[in-house]
1. Among residues belonging to segment 376-420 that are open to solvent by less than 10 Å² (accessible area, probe 1.4 Å), assigned to a helix (DSSP H, G or I) and not aliphatic (A, V, I, L, M), point out the one that is farthest from PRO440 (Cα to Cα).
2. Write out, first by first residue and then by second, each pair whose Cβ atoms fall under 9 Å of each other, whose residues are 6+ apart or on separate chains, and whose first residue, in segment 436-455, is over 19 Å from LYS398 (Cα atoms) and open to solvent by 80 Å² or more (accessible area, probe 1.4 Å) while the second is modelled with pLDDT of 90 or more and in a loop (DSSP other than H, G, I, E, B).
3. Which pairs turn up if I take residues in segment 303-326 that are closer than 16 Å to LEU447 by Cβ and look for partners that are open to solvent by 20 Å² or more (accessible area, probe 1.4 Å) and part of a helix (DSSP H, G or I) with beta carbon separation below 9 Å, at least 6 apart in sequence or on another chain?
4. For the subset of segment 238-257 comprising residues that are open to solvent by less than 90 Å² (accessible area, probe 1.4 Å) and out of contact with any helix residue (DSSP H, G or I) (no Cβ under 7 Å at 6 or more places or on another chain), which member is nearest to VAL195 (Cα to Cα)?
5. Please state which of the following conditions ILE60 fails to meet, knowing it meets all the rest: (1) farther than 24 Å from GLU232 by Cβ; (2) part of a helix (DSSP H, G or I).
6. Please indicate, with yes or no, whether at least one residue in segment 337-350 is among the aromatic types (Phe, Trp, Tyr) and within 23 Å of GLY165 (Cα to Cα).
7. Please specify each residue of segment 431-442 satisfying the condition of being under 21 Å from ASP316 (Cα atoms) and either touching a helix residue (DSSP H, G or I) at 6+ places or on another chain (Cβ under 6 Å) or not in a loop (DSSP other than H, G, I, E, B) (or both).
8. Please work out which one of (1) open to solvent by less than 50 Å² (accessible area, probe 1.4 Å); (2) in a loop (DSSP other than H, G, I, E, B); (3) within 26 Å of SER317 (Cβ to Cβ) is the condition GLY367 fails and give its number.
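The values are calculated or read from the model by the stated rules, or taken from the named source; none is laboratory data. Treat the numbers as computed from the prediction; the structure is a model and nothing was measured. Don't worry about glycine lacking a Cβ; one is built from the backbone with ideal geometry, like all the others, and counts go over all protein chains shown. Side chains included, ligands, DNA and RNA excluded: accessible areas come from the protein's heavy atoms. Shrake-Rupley method; radii C 1.70, N 1.55, O 1.52, S 1.80 Å.
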Amino acid sequence: MSDDTPMNPISAESDAKMEPPANKKNKKKAYPAKSKCMDGNEAVAHVAYRENDTAFIFPITPSSPMGEAVDLWSAQNQKNLFNQELKVVEMQSEAGAAGALHGALVSGSLATTFTASQGLLLYIPNLYKIAGELLPTVIHVASRALAGEALSIYGDHSDTMLLRGCGLAMVSSFSVQEAHDMAAICQTATLNSRVPFVHFMDGFRTSHEVNKIQLISDEQLKEMLPYDKIEEHRQRALSPMHPTQRGTAQAPDVFMQLVESSNTHYQEVYGIVEKALEDFGNITSRVYKPLEYKYYGTSQPRIAIVSMGSSVPVIDSTLKQLKSEQACLIGVRLFRPWSATKFCEVLPSSVTRIAVLDRTREGGSQGEPLYLDVCTSLQVEDRTGIFVAGGRYGLGSKDFTPRMVQAVLNNMQRRNNSDIQRPFTVGIHDDVTRLSLSMPGRTLVTLPEDKVTQCVFWGFGSDGTVGANKEAIKMIGNYHEKMSVQAYFEYDSKKSSGWTISHLRFSPTIDIQAPFNVEEGQAHYVACHNESYVQAHKFDVVKYLKRRGIFFLNTGIATIKDEEERLKALEQLVSPKILRKIALKQIQFYVMDAQGLARQYGLAGRINMICTIAFFRLSKVIPLDDAVALLKASIVKTYSYKGEDVVQKNLDLLDTVVNDPDCLYAINVPSKWRTMGTEDNAKRYQNRH
């Protein structure tokens, strides 16, 4: 099994039947911490597999890997906390999965499902029934844009916000670690409250981001689970042994009374979630709150920014970097049921202006969901004199960066309320309705350059670049206990035969919380694995590089032995603007013919391992000898099923790339490149054919 295979979620401790821990109350037990590199989807599946009896799945981007993971573990006969394999059923559509989920719940099963976007919309009729019948379950959603004026497979909150009227509790995760933790917390809360939960994370930005996280062990999950509530749920199952009446048709004489009778369950949810978060903190030492408040000033804030999802760490790190005296942050985890009282308790009395950020657009409305909730809360709690501006960001996975947070702050700090843009958009230039905020000129650096290594890899869909980077990030993350890693991958929507950009970060000293792409001028290392990208009118592949950074280009030009001829060939291939940036930024430029090396060793087209070795050789993220040993172990593990011959070819190739000076060339950048890109040079380049 390769390292790309989702990890076995079940440890040896779960071979024994699940029993409630003895002396559960008033006893704090120390548990050994175990960390693992994984993405948000696997982090959620890791918990959902262990805490449920059944799962009903149907693939839809970006939630599909959750279903794939639990299906694989079930096929491998891995045991959950109940000493049984999770029963996984792939239905004919999301509508079928929703109906099967409802049926499993009324039969007393602990059931779950994973979905997104239009697929989630097909769940809505059954979600009304599940909520109305107070059936405890957790539905895990990788939030994604809905197809409106165009299809988008990328992430925002358009789908999740349509569930507000279904009667489900809604919990948002800010990061991969939280996605793992909230999956467990929601399971505890739904069993204690009987209200079904939707646990959602940002599609792609969180669901596909690879982080190093602390895993919740089987023993910790067992301590959190309310066994008495599980038994009550099973006893409520439809059974001829204790018949009950369900799904009736009611007349006006009783319908409203019975609908309103469930109010008490919803009124108790906030307290139940608070208790679950408190218990989780006592067990794992990771402390969360339904509404997360952050302020880094020394006095009292005048401005509050309210948001949820992966934007919260971005805002948090920006305010921390700015040491803002003016602004605070309120991150919303528990979105439904919404508590106006709790929100106003968290909101400082000194705040006179609030910016509310929504990752969705509701055409024709007076504002987006979170904005309306904030405005209503202020009115209900009689918090007068506060100016509220609603804004939209990040639709369709539009990157949300610290510069955009600065733009929001600049807008809210204007002298008069009448000068503040309301509503606003951030991250685009809106020259139609003119709602967009102007961006600050300079990039705000929230990650210390001397403590975090940032890398960018340009690849071609299906060339193995993304897979190799996932392997590398896990290798580096597991290299030593305190190494923090982050990886995010941009895809063309064609996925295969389209462009890919991998954004990797590493730090041995600080915890990386930066859910945004590597920004221009910040990367220590950039690799381009497809030489066509450096041609004119394609991509500015070196824009991410910082001064004196390293640029690696995979090109057949590396086979040219004569240095002058090699330079001439590069000047013919590479856009003059790129050559000029390489010279002006004093970039270290290296070339290699990865395709030629692969053909030489009978591995035509397999350039991912070659480029990974070059990365370790040039970047020195970890010592090269250690990297070589880890790569060799990975090769044996990954390719052993293909035979000894394939394994040996890869090992020989690795040794060649590491030791042979003729396979990797450093380019002596000529001073004339500093003037490349001028009008005459540009014309000569464009007419080169």
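1. SER377
2. GLU449/GLN522; LYS451/PRO508; LYS451/THR509; LYS451/ILE510
3. The qualifying pairs are THR318/ARG403; THR318/GLN406; LEU322/GLN406.
4. GLY247
5. The one condition ILE60 does not meet is (2).
6. Restricting attention to segment 337-350, the residues satisfying the condition of being among the aromatic types (Phe, Trp, Tyr) are 338, 343.
Next, only the ones that are within 23 Å of GLY165 (Cα to Cα) stay: 338, 343.
Yes, there is a match, as at least one residue in segment 337-350 is among the aromatic types (Phe, Trp, Tyr) and within 23 Å of GLY165 (Cα to Cα).
7. LEU437, MET439, PRO440
8. Here GLY367 clears every test but (3).
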